[in-house]
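Only one structure is covered here, and it is reproduced in the block below.
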Amino acid sequence: MALDGVVVATSNPGKLREVRAILADLEARLLALDAFAPLRFPEEGDDYEQNAAAKARTCAQATGCLSLADDSGLEVEALGGRPGVRSARYGGPDLDDAARVARLLEELSGVAAEKRAARFVCVAALAHPDGRVVTARGSCEGRILGAPRGSAGFGYDPVFLAAGTGLSMAELPESEKNRLSHRARAFRALRGRIDAALTG
Ligand code: IMP
């Protein structure tokens, strides 16, 4: 089977841009979800693998194309790993990225720099239209800053100091985030399965 398009099942333009950059040399076009009729995704649960698989499978079955999705989150040690898989829902449905960041900083106020360790986690999923799904996980270590820095990226990037860089994720050049990020590691780990699905 030779398919020339793989759908990226996300409505987050930041994620789509990153997945396209991470898989820039793929032998297939990466198609945006908005090229298709609107899809209803299942409610998100408390497991990265299950959430990523459900998004990719829903998309593959609806579009008839190989589909990629991810589920990601920010795990903060001082908060016992929260918000974690619930990062998109942190603070409730009415908050935007900036308000979630402000809430996180508020929750961590008074926590010393050396106790603000955190990691981004991403599970990438590849689904075939017949329902088969494979997943791969990646993570990226860092710590939560006292105030936002930088304007690139999305979500919690301005308050995440990426280990070994001295820069927030929102200060890193795009190419650098796409080399060391949780998403880059997850999609690179899935890469062999994507190539095999395209040629198999
Ligand atoms: P989901 O994967 O769409 O459920 O999103 C998880 C949450 O973590 C959202 O609030 C995202 O904005 C945030 N998030 C996921 N990946 C990143 C990232 O690379 N940088 C900053 N925030 C992220």
Margin query: If I filter region 155-172 for residues that are closer than 22 Å to V19 by Cα, away from the ligand (no atom under 12 Å from the Cβ) and in contact with a Ser or Thr (Cβ under 9 Å, 6 or more places away or on another chain), do I get at least one hit?
Written below: yes
Checklist line | One residue from F120, F160 being in contact with a helix residue (DSSP H, G or I) (Cβ under 6 Å, 6 or more places away or on another chain) and within 19 Å of G81 (Cα to Cα) | finding: F120
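Provide a single number: the residues in region 38-94 that are part of a loop (DSSP other than H, G, I, E, B) and more than 8 Å from the ligand (Cβ to nearest atom).
So the answer is 19.
Scan region 177-196 and give yes if some residue there is without any contact (Cβ under 8 Å) to a residue 12 or more places away in the chain and within 16 Å of the ligand (Cβ to nearest atom), otherwise no.
Yes, region 177-196 contains at least one residue that is without any contact (Cβ under 8 Å) to a residue 12 or more places away in the chain and within 16 Å of the ligand (Cβ to nearest atom).
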Next item on the list: Among the numbered conditions (1) acidic (D, E); (2) open to solvent by less than 80 Å² (accessible area, probe 1.4 Å); (3) under 17 Å from the mean Cα position of the chain (by Cα), tell me where E107 comes up short.
Entry: (3)
Checklist line | Given (1) farther than 21 Å from Y90 by Cα; (2) open to solvent by less than 10 Å² (accessible area, probe 1.4 Å), number of the condition F160 does not satisfy | finding: (1)
Checklist line | One residue from E176, E171, E141 being open to solvent by 20 Å² or more (accessible area, probe 1.4 Å), closer than 16 Å to V121 by Cα and more than 14 Å from the chain's Cα centre (by Cα) | finding: E141
Checklist line | Those residues of region 3-37 which are over 25 Å from E176 (Cβ atoms) and within 12 Å of the ligand (Cβ to nearest atom), in sequence order | finding: A9, S11
Item checked: Failed criterion for G150 (all others in (1) more than 15 Å from the ligand (Cβ to nearest atom); (2) of a type outside the set (S, T, N, Q); (3) open to solvent by 20 Å² or more (accessible area, probe 1.4 Å) hold) -> (1)
Item checked: Unique residue being open to solvent by 60 Å² or more (accessible area, probe 1.4 Å) and more than 30 Å from D130 (Cα to Cα) when the list is A37, A98, A78 -> A98
Checklist line | Cβ-Cβ under 8 Å pairs, at least 6 apart or on other chains, region 94-107 side free of Cβ contacts under 8 Å to residues at least 24 places away in the same chain, far side among the small types (G, A, S) | finding: A99/G91; R103/G91
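The values are calculated or read from the model by the stated rules, or taken from the named source; none is laboratory data. All of these numbers come straight from a predicted model, not from anything done at the bench. FYI the Cβ positions are ideal-geometry reconstructions off the backbone, even for glycines, and counts take in every protein chain you see. The protein model used for the area step is the full one, side chains on, heavy atoms only, and it has no ligands, DNA or RNA in it. Shrake-Rupley method; radii C 1.70, N 1.55, O 1.52, S 1.80 Å.
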